[in-house]
Amino acid sequence: MKIINKIPYLFFTIILSSPTFSSTSFADKLPDLPVVLKNGTGVISQNIIYIGLGSTGNSWYKLDLNENKKWEKIADFPGTPRDQAIAINLNNDIYIFGGAGKENIESETISSLTDVYRYSPSEDKWIKINTSSPYGLVGHAGVSISTNKAIILGGVNKQIFDKYFIDLNNTKNNSPMKNKVINDYFNKPIESYFFNRVILTYNADNNQWNSLGTIPFNGTAGSSLVKNNNTITLINGELKPGLRTSEIQTALLENNQLQWNTTVQKLPLPSPEQQQDGLAGAFAGYSAHTLLVAGGTNFPGSQAKYSQKHYFAHQDLDKKWHKEIYGLIDDQWKVIGELPIPLGYGITIEHGNSLYLIGGETTKGEAVNSVITLTIKDKDLIIN
């Protein structure tokens, strides 16, 4: 059943569509994935959606929007399995950047990876690119800014991230020491984590990395990043493990530089009785020139605890997976609807006037295989 959320200027209502609606009025509903998928990555190239990694291991699938709209298996990823990699379409090839995984099959612990792979759709073939990112790539976000160039923002500090998992492994048989490692890792202020603030670019034509300087605010991990014309928007994310921000930063890409807006936006309260603790792992993209943000996770109460200098801000708090859909309507963020289920850490694909929300995890981290379509049409939000 389709759900239609009416979006007037001051409020919204929810209406269930009747059978008299023509299916041609909406974007086609895509079939569910053949496997559950969370913490994976995906991209669209020439009207073909590609998804993989995360909970699927090394598996990859494609769905051709031009033809049968069925998920088909493609060549397996040749690198080590990984979570939180990003996929970017450059020159109609699929580039995979980093992720959290083991550097090789002999590695005992996961690390923040720096490798890059390219998939050729015409050859159904992967190759490892002879390059390494200048920074570890976990919790990072990226978009293409031209046919051949990508921009990458945020991510954890590789040295701190890697050491945490080494320390956990070294104390796995000693519970008191392991608990101390966990407490020492989380019980620090934001500035102790050194999340990446460098604005990275990668040029696929010459296989070169570059820097556009640094962002004028704290680095984040698990943010959503979207581009519309020459506007780039960085949405929420973690400031440190367990603590999100509700801020939304925007910048104009001009003369190969990012000019950041000094006015910072914020997501509104999910509801009058709830606080806004920011989101990580949210879906985001544009429909009918309207920026939408959906789902994501946080620890309600963590910002209040951190403001009282409880640096292990999410300690003893329950993680929450969210259903809210936010829209930027008339330059104001509003709650305009809800997903069918709480959801985060999936894949957002923009196509035409619609967003496809692919996979993800729901309450308690359970991976799903659903594909949800969001479409803005005549000031209605259509959930399919």
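The values are calculated or read from the model by the stated rules, or taken from the named source; none is laboratory data. Please read all numbers here as calculations on a predicted model, not as lab measurements. A quick note on method: Cβ atoms are made from the backbone with ideal geometry, for glycine too, and the neighbour counts reach across all protein chains shown.
Have a look at 105, 94, 88, 129 and point out the one that is modelled with pLDDT under 95 and farther than 30 Å from residue 314 by Cβ.
The conditions single out 105.
A residue that is acidic (Asp, Glu) and part of a loop (DSSP other than H, G, I, E, B) occurs nowhere in segment 341-363. Name every residue in segment 146-196 that is without any contact (Cβ under 8 Å) to a residue 24 or more places away in the chain and in contact with a His (Cβ under 6 Å, 6 or more places away or on another chain), in order of residue number. Result: no residue meets the conditions. Sub-6 Å Cβ pairs linking a first residue in segment 86-99 that is at negative phi to a second residue that is in a loop (DSSP other than H, G, I, E, B), at least 6 apart or interchain, are 90/148; 90/204; 96/85; 97/137, ordered by first then second residue.
Pick out the one residue from 288, 313, 284 that is over 17 Å from the mean Cα position of the chain (by Cα), among the small types (Gly, Ala, Ser) and closer than 24 Å to residue 49 by Cβ. The match here is 288. Inside segment 368-380, residues that are part of a strand (DSSP E or B) and either over 28 Å from residue 46 (Cβ atoms) or of a type in the set (S, T, N, Q) (or both) make up a count of 3.
Note on segment 268-279: residues that are touching a residue at least 40 places away in the same chain (Cβ under 8 Å) and crowded, with 24+ Cβ neighbours inside 10 Å total 2.
For segment 24-49, filtered to residues that are of a type in the set (D, E, K, R) and at pLDDT below 95, the residue that is surrounded by the fewest Cβ atoms within 10 Å (Cβ to Cβ) is 28.
Restricting segment 50-83 to residues that are in a strand (DSSP E or B), under 16 Å from the mean Cα position of the chain (by Cα) and of a type outside the set (Gly, Ala, Ser) leaves a set whose member that is surrounded by the most Cβ atoms within 10 Å (Cβ to Cβ) is 51.
Residue under question is residue 97, and the condition is that it be surrounded by 20 or more Cβ atoms within 10 Å (Cβ to Cβ), in contact with a strand residue (DSSP E or B) (Cβ under 9 Å, 6 or more places away or on another chain) and outside any strand (DSSP E or B); does it hold? No: the conditions fail for residue 97. Output the residues belonging to segment 332-379 that are modelled with pLDDT under 95 and of a type in the set (Asp, Glu). Once the filter is applied, which keeps residues that are modelled with pLDDT under 95 and of a type in the set (Asp, Glu), segment 332-379 yields only 378. Across segment 242-264, not a single residue is classified as closer than 20 Å to residue 97 by Cα, under 15 Å from the mean Cα position of the chain (by Cα) and either buried (at least 21 other Cβ atoms within 10 Å of the Cβ) or not aromatic (Phe, Trp, Tyr) (or both).
The selection criterion, being touching a strand residue (DSSP E or B) at 6+ places or on another chain (Cβ under 6 Å), exposed (fewer than 15 other Cβ atoms within 10 Å of the Cβ), polar (S, T, N, Q) and touching a residue at least 40 places away in the same chain (Cβ under 8 Å), does not hold for residue 130.
Residues are listed down the side, and each one gets a yes or a no for (1) crowded, with 17+ Cβ neighbours inside 10 Å; (2) at pLDDT below 95; (3) closer than 18 Å to residue 306 by Cα; (4) basic (Lys, Arg):
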position	(1), (2), (3), (4)
169	no, no, no, no
180	no, no, no, yes
185	yes, no, yes, no
188	no, no, yes, yes
199	yes, no, no, no
210	no, no, no, no
222	yes, no, no, no
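Residue-level analysis places residue 108 among those that are among the acidic types (Asp, Glu), in a loop (DSSP other than H, G, I, E, B), more than 18 Å from the chain's Cα centre (by Cα) and more than 22 Å from residue 40 (Cβ to Cβ).
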